[in-house]
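Worksheet: the structure to be examined is printed underneath.
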Amino acid sequence: MAAQTGVTSQSTPARSDNDWRLFLQLLPYAKRYRQLLITAVVLLIPSAIARAIQPIVIGQAISLLRQEDSTWQFLQSWDLSTGLNFLALLLLVTIAGRLVFDATQGYLVQKAGQRMTADIRYDLFTHVTSLAVRFFDRTPVGKLITRLTSDVDALGEVFSTGAIGIIGDFILMLVITVLMFTKQWQLATLLVLILIPTSLLIVYLQKQYRTANYASREELSSLNASLQENILGVSVVQLFRREQINSQLFNQTNRNYIREVDRTIFYDSAVSATLEWVSLIAIAGVLAIGGKFVNDSNLGFGTLSAFILFAQTLFDPLRQFAEKFTAIQSGFTAVERINDVLNEPIEIKDRVQHFQQIDHGVGEIRFENVSFGYKPGEYVLHNLDFTIQPGEKVALVGPTGAGKSSIIRLLSRLYEPQEGRILLDGVDIRNLPQAELRRRIGIILQDGFIFAGDVKGNITLGEEYAMAEIQTAAESTNVSQLIEQLPQGYNTQLRERGTNLSGGQKQLIAFARAAIRDPKILVLDEATSSLDVGTEALIQEALERMLENRTAIIIAHRLSTIRNVDRILVLKRGKLIESGRHEDLIAQDGLYASLYKLQMLDL
C-alpha cells in the first residue's frame, strides 16, 4: 500500500488521492484470494437476474387475471388456475435461487474479507514494530492502536460488505434497466432520468461524508490516546488529585469526537432520506404517466404493476449502494490513515550489500566524531570521540541531559548519528545485521519491562533455550531463589507490565534475560537503582561474575557505585569534558569532583 508519507494531524482533511487510486492499493491483498472473489462476483449475476424478473412474474399474474394481450402467449392457452400455479412456482424458484446465491456469495465475500483484513493488520503490525524509536517519540500509542483496530476493521468493510456488494447492486440495476426498456421504453426512460441526477446527488453527499468521517476518526485517535495515557498514569492522576481536571479534558475530547460523528450521521441520514423521497416520486411518476397510458389502452395493468415494482426494485439497490458506499468511504478513510503509518520510512535498516561479519569479536567500542540530535539542528551529542578497549569497564557520568542515555541508544542502533560513526570491533555498526549487533550487546535498563506470560518466557523472550540454560542464567544472577519463591516458579504467569512483581523482582528478571544471551558487551543504565539494599547485594555479586571478560558501560547517578571501574567518562551538554579513574578525576577537581562531593554531602 502506498500513500503520502507522514502522520496526518487531527485537522487534516481527506487527501486528494482519488478513490480509484486508493482502491488500487488494496489489490495486492485481493489478489491473494482472487478465486474466492471471482466466484462471489459470478454468483451476483444469477442472483440479479432472479430478482429482476420477479416484477415481471408478478405483472404477468395480474395480466393473466385480467386476460390482457400482454400476457405471455403460452399462458393464454392454459386455464387460469394452471397459469397462476406456474407463475407462483416460478416466483418461488426465483426467491429460493436468490437465497442460495446470496447466502453463498455473502459467505465467500466475508471469508475473503476477513482474511485480507488479517493480512493488512499483520503487515501494519510488522511495519510498526520495525520503525525507529524516533517515530514513537512523536506518535501517541493510542493513535497507533486506533490504526491497528478500528481503522483496519473499517477497511475490512470494504471487502466484506462494500466493494463486491456494489458490483452486485450495479449488475441488478443494469439488468432491471434492460428489462424495463424491453417492456415499455417511455416509463423506462422516466425512471432512468430520475435515477441519473439522484446518483449524482448521492455521490456529492458521500464525498461530504468522507470528509466528516476522516475528521471523526482523527478525533477517535485523540480520544484513545487520552484514554491510554490516563489509564497508564492513573497512580499519578490519583496522587495529584487530577481526576476532575483530567475528566474535563477527556470530556472535551469526547465532545469533539461526538461533534464530528454527528456530521457523519447527518450526511448518512441525508442519503437515506433522499433515496426514500426519490423512490416515492418515481412511483408517483409511473402511476401518473402509466395510468394515462392505461386509460388510452396503450398499456396493460400487468405491465403497469411490473413498472411500479421496477421503480421500487431499481431504487432499492441504489439505497443499498449508498449504504455500502458509506462503508467504502469509511474504508478509504482507513486506507489513508493506515498508509500514513505504512509509508513511514524505516530509518534503521540492515545494509544487505554492506554486511560484514565479526568472527571473533572481543568487544571494542569506538565513537569517531559522533554528533547526534533528536531534532534537526538541535544536537545533544557533539563530536564525541573515544574508544573503549575490550574487557574495559567504563562509567558514563554527568548531569541530567548530558547525553548518557543517548550514547546507549546510538550504540544499540535505536537511533542513527547525524555525523560520525560507531565501530564495534572495527566494523561500522551500520554494516552489521541488527540481530547480530543486539546479540553482542546486552542492555539492562532502569525499568525492566515485563511481558504478559510466564517467567521463563520473559527470560528467553521467544528464543529457544533449554530449561537447564534458563536455570543456569537465573542462578548466575542470583535470581533463582526469588523465582523459586513464586507460586509456580518458572511457570508463574506474570501480568501485563509485571504488576504482580515488585520493582526489584522485575529488575532481577532483566538481569537473567541478559545473562542467558552471554553478550560480549554489557550495558547497565541505572540497572540497580530500583533494588533494595538486600537485593542489590545479591545482584552486585552476580554483576561481578557477569562483568568478567566483558566490555561494560555503566550509567550510574550514585557515583559511589562506580569508584572501581577502569575509566570514567564525564559528559556535560553532550560533550566529553573529562576522562580518567576515580582518583585522577577527584585530583583534577573538575565537574566529576564537584558532583562527587555534592553526593557525599547528601549521605
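Observations on the structure shown:
- Separation between Cα centres of the stretch 50-90 and the stretch 489-509, rounded to whole Å: 77 Å
- Across the options PRO197, SER330, LEU275, the greatest Cα extent toward the positive end of the charge dipole of the stretch 19-342 (unit charges at beta carbon of Lys, Arg, Asp, Glu) belongs to SER330.
- The translational diffusion coefficient of the stretch 405-497, from Stokes-Einstein at 37 °C and 0.692 mPa s with a Kirkwood hydrodynamic radius over alpha carbon pairs, comes to 211 µm²/s.
- Considering only THR313, PHE136, ILE164, the residue lying farthest towards the positive end of the dipole of the stretch 19-342 is PHE136, judged by Cα position with unit charges set on Cβ.
- Its DSSP H runs of at least 4 residues, each contributing -39,500 (n - 2.57), put the calculated 222 nm mean residue ellipticity of the chain at -20000 deg cm²/dmol, to the nearest 500.
- For a straight C-alpha distance cut-off of 20 angstrom, the lysines reachable from LYS183 (same-chain residues fewer than eight places away being disregarded) are LYS292.
- Summing Cβ point charges (Lys, Arg +1; Asp, Glu -1) relative to the Cα centre of the chain gives a dipole of roughly 820 debye.
- Stokes-Einstein D in µm²/s, Kirkwood radius over Cα pairs - the stretch 19-342 at 10 °C with 1.306 mPa s viscosity: 69 µm²/s
- Summed side-chain charge close to VAL397 - residues other than VAL397 whose Cβ falls under 9 Å, Lys, Arg +1, Asp, Glu -1: 0
- Considering only SER222, VAL236, THR104, the residue lying farthest towards the positive end of the dipole of the stretch 86-240 is THR104, judged by Cα position with unit charges set on Cβ.
- Per-selection metrics, the stretch 233-292 (Cα): Rg and Dmax in Å: 24.8, 81
- The stretch 35-186: mean projected area of Cα convex hull, nm²: 13.1 nm²
- Percentage relative contact order, the chain, counting C-alpha pairs under 8 Å, at least six apart: 16 percent
- Lys pairs, the stretch 354-602 - Cα-Cα below 13 angstrom, 8 or more residues apart or on other chains: 4
- Radius 9 Å from Cβ of LEU384, net charge of other residues (Lys, Arg +1; Asp, Glu -1): -1
- Separation of the stretch 133-151 and the stretch 275-317, taken as the distance between their Cα centroids, equals 54 angstrom.
- Local net charge near ILE145, Cβ-Cβ under 15 Å (Lys/Arg +1, Asp/Glu -1): -2
- Cβ-derived FRET efficiency at R0 41 Å, THR126 paired with LEU91, nearest 0.05: 0.20
- Excluding same-chain neighbours fewer than eight residues apart, the lysines reachable from LYS111 by a Cα-Cα span under 19 Å are LYS31, LYS324.
- Cα coordinate range in the stretch 354-602, projected on the principal axes (Å, largest first): 52, 52, 34
- Label-to-label distance, nm, for residues given as ILE586 and GLN208 (7 Å Cα→Cβ offset): 7.9 nm
- Kirkwood estimate for the stretch 562-603, i.e. one over the average of 1/r between Cα atoms, Å: 10.6 Å
- Per the Debye formula on identical point scatterers at the alpha carbon atoms of the chain, with no solvent, log10 I(q)/I(0) at q = 0.12 Å⁻¹ is -1.25.
- A full extension of the chain between ASP69 and GLN186 corresponds to an added length of 40.2 nm, given 0.36 nm per residue minus the alpha carbon distance.
- Ranked by how many other beta carbons lie within 10 Å on average, peptides 380-392, 241-253, 432-444 from highest: 432-444, 380-392, 241-253
Read-outs throughout are calculated quantities, based only on the coordinates presented, and are distinct from any laboratory measurement. The structure presented is a predicted model; accordingly, all values stated were derived computationally and were not measured. Glycine gets a Cβ as well: all are built from the backbone with ideal geometry, and neighbour counts include every protein chain shown.
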